[in-house]
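Worksheet: one structure, shown below.
The values are calculated or read from the model by the stated rules, or taken from the named source; none is laboratory data. If you're wondering where the values come from, they're calculated on a predicted model, not measured in any experiment. All Cβ positions, glycine included, derive from the backbone under ideal geometry; neighbour counts span all protein chains shown. Ligands, DNA and RNA are stripped out before the accessible areas are found, and what is left, the full protein with its side chains, is counted by its heavy atoms. Shrake-Rupley method; radii C 1.70, N 1.55, O 1.52, S 1.80 Å.
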Amino acid sequence: MNKILAGVLMACLLIVFCGGCGAKNKLVITAGLNKNEVFGIGEEVCSVPELMVYMTNLQNRYETAFGTQVWGLSHGEISMEENIKEIALEQMAQLKAMYLLAQKHSVALDGLEQQKVKKAAEVYYASLNDTERELMNVEYETVERLYEMYTLAQKVYRVVIKDVNPEISDDEARTITVQQIFWPTAGLSEAQKQSLYEDALDVRRMALEEDQEFIDLAGKYSKDSNITYSFCKGEREEELEEVAFMLATNEISQVIEGDRGYYLMKCITTFDEQQTLANKEKIAEERKKEIFSKEYNEFVETLVPQLNKNCWKKIQLIHDENVTTSNFFDIYEEYCPKY
């Protein structure tokens, strides 16, 4: 169930860089909000219409992916409907926190960005039928504000990391390419594993002594449909990497025992320049996300979260055949600024 939740959520989550910076504070019950405000965080509040737009689009994406029968499922003692509510609440809280962080950094939308936000809001609001507008209790201004907050959330991320330029060495980002033969050992007795190990040694002797291409031997003996792998440090098992990164071009390894079985590898290239450059960019972006996440989490710790218990209890998913809106996220990606 968690994989299903994560898969669909990632398909529609726009603030991709927020994945690792979830708020540590939990919303606490309070009576300080009015009946149309679901929660507050810092000086920001989330209205019922804001939450309904997000939650309804998320709900309909689930239905598109899995059918209406998905609402009969549960995750432990929590129904799928409650899961969707909790996801929507958490993501809206992140959005509000990011918006507040943007204010802290005096990040604002310029004229062109405002035009794009307004256009996206016009397109999405026009796509709603009367039933959707009524049941979500949404007005144009609500949609425009949501798109504005999403855009500011992405913009503040770039502002925070704009001067972060981590130095990544070739060795740290080095990507190698190998061909491998794999023999799985799951469920085997010690005697069976020993026999399999000896088979692997025989294949290694053939690769070294006989006039047979390694890739042909892999096609015959490997239990993995994929033979060629390109990877950098930290992406494979430690035992495999320790050997693989010491191999010279065209060198064949000893038989290696990993967590899943035995491996025999042949190094095709010790330095894939194109992949290494791409990996440098990937590592640099990860470092930037770490720096941003640190600032975000420290900022969230200063915010006082509140949950309107009575209002939250009344929030329900809309089950109406005329409510099918699911393009809120797509329209954002089409019309709003990219950073």
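Tabulated data
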{"read-out": "Sites Ala248 and Asn34, calculated FRET efficiency, Cβ-Cβ separation with R0 56 Å, nearest 0.05", "value": "0.20"}
{"read-out": "Of all accessible heavy-atom area on the chain, the percent that carbon and sulfur account for (1.4 Å)", "value": "47"}
{"read-out": "[x] 5, 24, 32, 26, 11, 2, 0; [y] 6, 29, 39, 22, 4, 0; [z] 5, 19, 23, 18, 16, 13, 5, 1, 0, with the label sought being that of the calculated P(r) over Cα pairs in 10 Å bins from 0, in percent", "value": "[z]"}
{"read-out": "Stretch gain in nm, segment Glu237-Ser189, where the contour uses 0.36 nm per residue and the Cα spacing is subtracted", "value": "15.1 nm"}
{"read-out": "Length added when fully stretched, Thr302-Glu77, from 0.36 nm per residue minus Cα-Cα", "value": "77.7 nm"}
{"read-out": "Protection proxy ranking, peptides 240-247, 37-44, 109-116, average beta carbon neighbours within 10 Å, highest first", "value": "37-44, 240-247, 109-116"}
{"read-out": "The chain - accessible surface per residue (Å², probe 1.4 Å)", "value": "52"}
{"read-out": "Of Lys162/Lys282; Lys162/Lys280; Lys35/Lys85; Lys85/Lys309; Lys35/Lys104, pairs whose Cα-Cα distance is over 24 Å", "value": "Lys35/Lys104"}
{"read-out": "Rounded if a/c under 1.5, otherwise prolate or oblate - the stretch 167-224, Cα gyration tensor axes", "value": "oblate"}
{"read-out": "Distance from the stretch 36-96 to the stretch 145-159 (C-alpha centre basis), Å", "value": "20"}
{"read-out": "Sites Ile318 and Gln114 - FRET efficiency at Förster radius 25 Å, r taken between beta-carbons, to 0.05", "value": "0.25"}
{"read-out": "Kirkwood Rh (inverse of mean 1/r, distinct Cα pairs), the stretch 163-311, angstrom", "value": "18.3"}
{"read-out": "Arg205/Lys294 FRET efficiency (R0 45 Å; Cβ-Cβ; nearest 0.05)", "value": "0.30"}
{"read-out": "Distance in nm between pseudo-label sites at Arg158 and Gln103 (7 Å out along the Cβ direction from Cα)", "value": "2.3"}
